[in-house]
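See structure below.
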Amino acid sequence: MEFNFIQHTATGKRFEDRITVTRSRSIGLPTQFFVDNKIDSYKYATLYYDKEKQAIGIVFVNDESTPGKIAITRNNQGYGGHVLATSFFKANRINTKKYAGRYDYEKKSLRELGIETDGEMYIIKLIEKEAANEA
C-alpha cells in the first residue's frame, strides 16, 4: 500500500492553541492549549506582568498556599477553560478592550527567568488592537 489514510472525524472541534485575553478581563485557555500543555492537571494559575515589555506571564500550580492564585474555571463540555483575572487587569491598569485577542505564547522555565522554583511560565506579549490592525 502506498498510503495510510486515517479519516478525519473531529469536525466541529476547534484546534486553537493560542491564549486569549478577553474584553471581560479573563484569560482564555482553549482546548488544544489545555491538551498540549496538560493544564487539566492543575487547579490554579498565578499571573505576572512586565509593564515595560507589556508581557503577561502565567504559571500553573496546584499548591493551595500559593499567594495570588486564581482558580482555573473549566468548561462543562471539556472545551478548555479560563482564568477570571479582573483584579490582575485592574491592578496593572491593562485595558482589555484595547488588548483583547488571541496571542501566541512562549514557554520558559521559571529558573531561566530568575524564579527559584521548578516549573514553566507561559508568556504573551500584549499588542493594542489598533496597532495589530495596522501591521
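Karplus-based coupling profile of the stretch 30-47, in residue order and whole Hz: x, 3, 4, 4, 4, 5, 4, 10, 6, 5, 4, 7, 10, 9, 9, 10, 10, 10, with θ = phi - 60° in 6.51 cos²θ - 1.76 cosθ + 1.60 and x standing for Gly or Pro.
Panel values: the chain, Kirkwood radius from alpha carbon pairs, Stokes-Einstein at 4 °C and 1.567 mPa s, translational diffusion coefficient 80 µm²/s. Could you compute how fast the stretch 50-107 diffuses translationally, taking Rh as the Kirkwood radius over C-alpha pairs and applying Stokes-Einstein at 10 °C with viscosity 1.306 mPa s? Give it in µm² per second. Translational D for this selection: 117 µm²/s.
Ellipticity at 222 nm from helices only: DSSP H runs of n ≥ 4 in the chain, each -39500 (n - 2.57), divided by the residue count, give -3500 deg cm²/dmol. Close amide H partners of residue 80, meaning residues 5 or more places away or on another chain with modelled amide H under 5 Å apart, are 31, 75. Equivalent ellipsoid of the stretch 74-135: semi-axes from √(5λ) of the C-alpha gyration tensor, largest first, are 23, 19, 14 Å.
Taking each of 43/69; 90/129; 90/125; 69/90; 38/125; 43/125 in turn, the alpha-carbon distance tops 20 angstrom for 38/125; 43/125. Taking the Cα centre of the stretch 50-135 as the origin and placing charges on Cβ (Lys, Arg +1; Asp, Glu -1), which of 82, 113, 56 is farthest toward the positive end of the dipole? So the residue we want is 82. With all protein chains kept in place, the per residue accessible area of the chain amounts to 68 square angstrom at a probe of 1.4 angstrom.
A cut-off under 12 angstrom between Cβ atoms defines the neighbours of residue 85, and their net charge, with Lys, Arg +1 and Asp, Glu -1, is +3. With the highest mean first, a sort of the peptides 99-111, 66-78 on other beta-carbon atoms found within 10 angstrom per residue produces 99-111, 66-78.
A Cβ-based charge dipole, computed about the Cα centre of the chain with Lys and Arg at +1 and Asp and Glu at -1, lands at about 680 debye.
The values are calculated or read from the model by the stated rules, or taken from the named source; none is laboratory data. None of these values were measured; they are calculated from a predicted model. Here the Cβ is made from the backbone with ideal geometry for all residues, glycine too, and neighbour counts use every protein chain on show. Note: areas computed on protein heavy atoms with side chains; ligands, DNA, RNA excluded. Shrake-Rupley method; radii C 1.70, N 1.55, O 1.52, S 1.80 Å.
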